[in-house]
Structures are given as structure tokens and as C-alpha cells.
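Asker: Would you mind keeping the following structure in view while I ask a few things?
Please treat every number below as a calculation from the coordinates, not as lab data. These figures come from a predicted structure and were not determined experimentally. Cβ placement follows ideal geometry from the backbone for every residue including glycine, while neighbour counts extend to all protein chains displayed.
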Amino acid sequence: MQKKPPTDAFLQCDGCKKTLFRNDFEQNLRVCPNCGKHHRLSARTRIEWTFDEGSFVEMDENLHSVDPLAFPDYAEKYGQAQAKTSEKDSMICGTAKLQGKTVAIAVSDFSFMGGSMGAVAGEKVARTLERAAEMGVPAIVFCASGGARMQEGLLSLMQMAKTTATVERCREAGVPYIAVFTDPTMAGVLASYASVADVILAEPKAMVGFAGLRVSKQAGVGKVPDDFQMAEYGVAHGMIDRIVHRKELPAVLTLLVETMGAGK
Ligand SMILES: [Zn+2]
């Protein structure tokens, strides 16, 4: 009897709907070989595929939300997200190396409640920027978020001011801060620490914007361009410096770290 291939040997690209061999897809860093769609990565996979092997040292890993507003169902959803992702919250941070050069990093995980920024994610970004300033090394933050976490209300919105203010610490210390927009980089994250980096890179076709398309239409903005809220639109309008294919990200980040100095 002929053996059937395991069902998970294939997957369908949600960009072009083509059926792909999972092996090819993985080999291609989860970029569709047909349409080039950069599929989302977990924060840990991102770290593994971007930085020197085994160089990541996680910090502040025990920070977790205390459900400050006792928001209905938040504790339950938070617990489910932790169980699903095996993460404490939506942001992972620490130090890692790029071709031997130390950098302070924070990486958002979209699969944890849409990468939303509550007090924990904000605190981790702020600590990463402070760590970079103290160590005299570059800060690199990977964004992947729908915005502020509504279940933490005003405390989430406060993270916008806190993280943005902390960027100044890097400026004072003369260390570069690089942000990488991945799909999606939206709302309160875009409107705070993400958009004030010294260099802003983005993955191809990452959704980048403040209000989503539906909300924008409801606000009566009328017809929007085809590439509305795409990273490419951000490049054309001076908001993003460069689009970088996932395969090239380690080399481009290494070049930036070496060129802008401040790497130990
Ligand atoms: Zn595709």
C-alpha cells in the first residue's frame, strides 16, 4: 500500500492560497516561495533566525501582568495565551549577538494576545533601551503588535509615553536604536517607541498603521491607495527607511551595528 504523506507536510499560503511543501516553506524562513509573503514568526523563532546561534540571554523573563483593573475575562484570556505560547507575556527581551557584537533586544510575539502592549511589554521595551544605554550597545526592537492592550486600560496607554521617553536614554548615551516593523505594527505601538527609532526597517508588505483599514474607512477618509498601511507605503512617504527581506535581516542589522558603532 502506498504511504500517504502526513497532512502537515503541506500548508496553504494565506497570501496567494497556493499549496506549499512545509519543508520548502521552513527552509525559506516561512516566506512563501510563490508570492513572497512573510508569514509571522514567534518571538523565539525570530531570535533564533536573526542572532548568533546560542547568543541570546533572556532577561526580565518573570515579569507578568497583575490584571490591575480586574478587567472581565482578562485573567482567563491571559492564562490561555500563556498556555498557548509558553510565554509569560507578549514581549521577550535580553541581550544577543550579531557576528559577535552584543546588542540589547526586545522581540514582540504576535501570537500572545495579538502582541498587545500592556505594562509588561512596555516595561521590557523601556528596560531594553535603558540596558542598551548602560551597556553602550545598540538596541534592536522587533515590533509585531495590534497596539495597546485594552484590558489594562490607561496603564497600557502610559506605556506609550514611557517607552518613547526612554528612547532619549539611548540618544544621551550615543547608542543607536533600530526598530524592525514586522506584520503587523499598529496603533499604540506604532505611535510610540516604534516610530522614533534612529533606523526603521520593515519586512515586505508588513501592515503598518495607526487605525486599521475598517476604522479608517468609518472615519470617512474616502478611497485609500492599494498599498494603504503597507510597509512599502511607509517607505515611499519617508516613514520607514528600508524594506528588508527576512533572509537579509541579520546581514543588514550587522552592517548597521558595525557602521553606527557602539557595538562591544
Ligand atoms: Zn504565497
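Asker: Counting only complete DSSP H runs, which helices of the chain cover 20 Å or more along their long axis at the Cα atoms and score a mean Kyte-Doolittle of -0.5 or above?
Answerer: What comes out of the filter, once short or polar helices are dropped, is 119-135, 153-173.
Asker: Now for a separate question. Given 20 °C and 1.002 mPa s, compute D for the chain with the Stokes-Einstein relation, Rh being the Kirkwood radius over Cα pairs; round to the nearest whole µm²/s.
Answerer: Taking Rh from Cα pairs, D becomes 112 µm²/s.
Asker: Top mean-square fluctuation among Ala194, Ala202, Ala161, Gaussian network model of the chain, C-alpha springs under 10 Å?
Answerer: For the chain, modelled as a Gaussian network with Cα springs under 10 Å, the answer is Ala161.
Asker: A follow-up question, please. Nearest 500 deg cm²/dmol is fine: what mean residue ellipticity at 222 nm does the chain get from its DSSP H runs of n ≥ 4 alone, each adding -39,500 (n - 2.57), divided by its residue count?
Answerer: -10000 deg cm²/dmol
Asker: Considering just Cα atoms, how many Å³ per residue does the convex hull of region 180-264 enclose?
Answerer: So the per-residue hull volume is 97 Å³.
Asker: Among the Cys residues of the chain, which have no other cysteine Cβ under 4.7 angstrom away?
Answerer: Among the cysteines of the chain, those whose Cβ sits 4.7 Å or more from every other are Cys93, Cys143, Cys170.
Asker: Where does region 143-234 land on Rg/Rh, using Cα atoms and the Kirkwood Rh?
Answerer: Reported Rg/Rh (Cα atoms, Kirkwood Rh): 1.01.
Asker: Sort 163-169, 225-231, 68-74 for me by packing, meaning the mean count of neighbouring Cβ atoms within 10 Å per residue, highest on top.
Answerer: Answer by packing, highest mean first, reads 163-169, 225-231, 68-74.
Asker: For region 1-88, calculate the relative contact order in percent as a whole number, restricting contacts to Cα pairs under 8 Å that are 6 or more residues apart.
Answerer: 13 percent
Asker: Whole percent per 5 Å bin, from 0 to the bin with the longest distance: what is P(r) over all C-alpha pairs of region 216-261?
Answerer: Taking every Cα pair in region 216-261, the percentages come to 5, 18, 16, 18, 17, 8, 6, 7, 4, 0.
Asker: Okay, moving on. Over the Cα atoms of region 84-228, compute the convex hull volume and normalise it per residue, giving Å³.
Answerer: In region 84-228, the Cα convex hull volume per residue is 122 Å³.
Asker: Going by the alpha-carbon gyration tensor, a ≥ b ≥ c the square roots of its eigenvalues, is region 161-205 rounded (a/c under 1.5) or, if a/c is not under 1.5, prolate (a/b greater than b/c) versus oblate?
Answerer: In terms of gyration-tensor shape, oblate.
Asker: Same structure again: Which of the aspartates and glutamates could be linked to Lys97 by a straight reach, that is with a Cα gap under 17 Å, when you skip same-chain ones fewer than 8 residues away?
Answerer: Straight-line reach from Lys97, under 17 Å: Glu48, Asp52, Glu53, Glu58, Glu134, Glu248, Glu258.
Asker: Cα convex hull of region 82-127: mean projected area in nm², to one decimal?
Answerer: Result: a mean projected hull area of 3.5 nm².
Asker: On to the next question. Averaged across orientations, what area in nm² does the convex hull of the alpha carbons in region 1-158 project?
Answerer: 12.4 nm²
Asker: Counting DSSP beta bridges in the chain, what percent are antiparallel, to the nearest 5?
Answerer: 45 percent
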